[in-house]
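Q: Quick one: this structure, given as structure tokens, is what I'll be asking you about.
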Amino acid sequence: MKTIIAANWKMHKTVSESLDFLKKFKFDSGDIIVIICPPYTSLYAMSGKTDISLGAQNMYFEKEGAFTSEISGAMIKELCEYVIIGHSERRHIFNEDNSMINKKVKAALEIGLKPILCVGETLEEREASKTESVVKEQLRLGLEGVDVDKMIVAYEPVWAIGTGKTASPAQAEEVHSLIREIVGSKVPILYGGSVKPGNVKELMNEENINGALVGGASLDPNKFSELIENAK
Ligand code: PGA
């Protein structure tokens, strides 16, 4: 399985900043699939201007209608191949639940987008030994009625996102192997949560870690290309 390194820019970079990143971003991907998920505005601006695969950070499940500010699958399908669904910031800041996330996954697949479904436990859940049950439940409900072989899954422990605290390779692998049992051998499982140039290699060495979803460390073109180099 090819390693996937996906950048989640979150709410960072204007159109001109994104185009400037593209100009400065020099990298040799080797066998790695590199995906950038910028804000919608930059997605439009970057589409057609780069060979790098692009993805959106979210979408709505309805096809069209009176849903002020929402973006449909068809709207992003003209611009990109991938879409992140159920990121923990969507779950926790914007109250997206498993049922809404399942609708989004289905709508993405229906239009021909490749969904990256994010799962992961909070610190409170980990400390209460609920990691396994939370992740299993997110997968069971998120993937209900879905052809799982068309998916990418990202394990992102909420306590490791943007905090500088990375799960140790062993901690991550423990959950990745659990996810593997559920989704099977064909689905790439990415790790996300404070992945940096300095820790990507040891994470990628684990058997069931097939790539990374990178936030902060993907915003700087030099740092991100170093991260890609170290992931090889
Ligand atoms: P981080 O974000 O790399 O900044 O921790 C990862 C993510 O939220 O996808």
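Q: Specify the residue that is nearest to Lys223 (Cα to Cα); the eligible residues are those in segment 160-176 that are away from the ligand (no atom under 14 Å from the Cβ) and surrounded by 18 or more Cβ atoms within 10 Å (Cβ to Cβ).
A: Looking at the filtered set, the residue picked out is Pro169.
Q: Condition first: farther than 12 Å from Met46 by Cα and either out of contact with any Phe, Trp or Tyr (no Cβ under 9 Å at 6 or more places or on another chain) or assigned to a helix (DSSP H, G or I) (or both). Now tell me which residues in segment 12-26 satisfy that.
A: His12, Lys24, Lys26
Q: Of everything in segment 71-90 that's at negative phi and within 16 Å of the ligand (Cβ to nearest atom), which residue is surrounded by the most Cβ atoms within 10 Å (Cβ to Cβ)?
A: Filtering segment 71-90 for residues that are at negative phi and within 16 Å of the ligand (Cβ to nearest atom), the one surrounded by the most Cβ atoms within 10 Å (Cβ to Cβ) comes out as Ile85.
Q: Quick check on my filter: what residues within segment 114-144 are assigned to a loop (DSSP other than H, G, I, E, B), of a type in the set (A, V, I, L, M) and in contact (Cβ under 8 Å) with a residue 40 or more places away in the chain?
A: Filtering segment 114-144 for residues assigned to a loop (DSSP other than H, G, I, E, B) gives 120-122, 128-130, 143-144.
Still in the list and also of a type in the set (A, V, I, L, M): 128, 143.
Within segment 114-144, Leu143 is the sole residue that qualifies.
Q: If you don't mind, there's one more thing I want to ask. In segment 185-201, what residues are in a strand (DSSP E or B), in contact (Cβ under 8 Å) with a residue 60 or more places away in the chain and more than 19 Å from Asp149 (Cβ to Cβ)?
A: Within segment 185-201, just Gly192 meets the criteria.
Q: Of all residues in segment 91-119 being buried (at least 24 other Cβ atoms within 10 Å of the Cβ) and within 16 Å of the ligand (Cβ to nearest atom), which is nearest to Met75 (Cα to Cα)?
A: Once the filter is applied, the top-ranked residue is Pro115.
Q: Say whether the condition of being among the β-branched types (Val, Ile, Thr), away from the ligand (no atom under 16 Å from the Cβ), free of Cβ contacts under 8 Å to residues at least 40 places away in the same chain and surrounded by fewer than 22 Cβ atoms within 10 Å (Cβ to Cβ) is met by at least one residue in segment 177-184.
A: No - not one qualifying residue is present in segment 177-184.
Q: Continuing with the same structure: Is there any pair with a first residue in segment 202-214 that is closer than 20 Å to Gly55 by Cβ and a second that is within 15 Å of the ligand (Cβ to nearest atom) and of a type in the set (Asp, Glu) whose Cβ atoms are under 9 Å apart and which are 6 or more apart or on different chains, and what are they?
A: Sorted first by the residue in segment 202-214, then by its partner, the pairs are Leu213/Glu156.
Q: Right, another one. Restricting to segment 214-227, name every residue that is more than 14 Å from the ligand (Cβ to nearest atom) and closer than 17 Å to Asp31 by Cβ.
A: Ser225
Q: Another question about this same structure. On the basis of being on the phi > 0 side of the Ramachandran plot and under 19 Å from the mean Cα position of the chain (by Cα), does Gly55 make the cut?
A: The answer is no for Gly55.
Q: What is the residue count in segment 156-192 for residues that are among the aromatic types (Phe, Trp, Tyr) and modelled with pLDDT of 95 or more?
A: Counting residues in segment 156-192 that are among the aromatic types (Phe, Trp, Tyr) and modelled with pLDDT of 95 or more gives 1.
Q: Here is a follow-up. Looking only at segment 185-232, filter to residues that are of a type in the set (S, T, N, Q) and touching a strand residue (DSSP E or B) at 6+ places or on another chain (Cβ under 8 Å); which one of those is surrounded by the fewest Cβ atoms within 10 Å (Cβ to Cβ)?
A: Here the residue is Asn208.
Q: Which one is surrounded by the most Cβ atoms within 10 Å (Cβ to Cβ), of the residues in segment 122-156 that are over 17 Å from Ala170 (Cα atoms) and of a type in the set (Ser, Thr, Tyr)?
A: Here the answer is Thr122.
Q: For segment 49-76, which residues satisfy the criterion of being without any contact (Cβ under 8 Å) to a residue 40 or more places away in the chain, farther than 20 Å from Ala7 by Cβ and not in a loop (DSSP other than H, G, I, E, B)?
A: Ser72, Ala74, Met75
Rundown of residues vs (1) more than 12 Å from the chain's Cα centre (by Cα); (2) free of Cβ contacts under 8 Å to residues at least 40 places away in the same chain, yes/no style:
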residue	(1), (2)
Ile4	no, no
Lys13	yes, no
Asp31	yes, no
Val34	no, no
Pro39	yes, yes
Ser47	yes, yes
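The values are calculated or read from the model by the stated rules, or taken from the named source; none is laboratory data. Computed from a predicted structure; not experimentally measured. Methodologically, a virtual Cβ is constructed for each residue, glycine included, from the backbone with ideal geometry; neighbour enumeration extends over all protein chains shown.
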